[in-house]
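A short worksheet on the structure shown next.
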Amino acid sequence: KHPAYHDITPLQDIEAVKNSVRNLLLTNEGDRPFQPEVGSNLSALLFENLNPFTMESIRMNIKDMLNSFEPRINDIGVQIDNNDFNSIRVTVTFNITGISENESLDFYLERLR
């Protein structure tokens, strides 16, 4: 909360890009009104048998989604770790255009049913 305006403080720069990447990856196709093609459908892949082919499909899905809908990043790398049977840890590394440092974003994909 902003102390002077008593409103939320908008994210800027690196944090705004990270938030955008996280939102793109955790959104399913059809969730956004008037943008039905935006979404990664990663939750659907969690219910498949977890094998190297499924993990590669998740990795390619993430890369394709970010290449298509996030023009502010490049040099995308995706690492997937299977910690247990109910979650997958995903680490996405990328460069933000105009900034020379690598950024990373960690999150878990979990089955809820």
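The values are calculated or read from the model by the stated rules, or taken from the named source; none is laboratory data. Everything numeric here is computed off the predicted structure, so don't read it as measured data. So basically every Cβ, Gly included, is an ideal-geometry build from the backbone, and we count neighbours across all protein chains shown. For accessibility, only protein heavy atoms count, side chains too; no ligands or nucleic acids. Shrake-Rupley method; radii C 1.70, N 1.55, O 1.52, S 1.80 Å.
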Between 0 and 90°, nearest 10: helix 13-25 axis offset from the chain longest Cα axis: 30
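What longest region of the chain stays clear of GluC sites (Glu not before Pro) that DSSP places outside H, G, I, E and B and that have at most 16 other Cβ atoms within 10 Å?
Counting at most 16 other Cβ atoms within 10 Å as exposed, the longest clean stretch of the chain is 49-100.
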Estimated dipole of the chain in Debye, rounded to 20 [Cβ of Lys and Arg +1, of Asp and Glu -1, Cα centre]: 200
Column: log10 I(q)/I(0), Debye, Cα scatterers of the chain, q = 0.16 Å⁻¹: -0.80
Residue order for M65, M55 - accessible surface, 1.4 angstrom probe, largest first: M55, M65
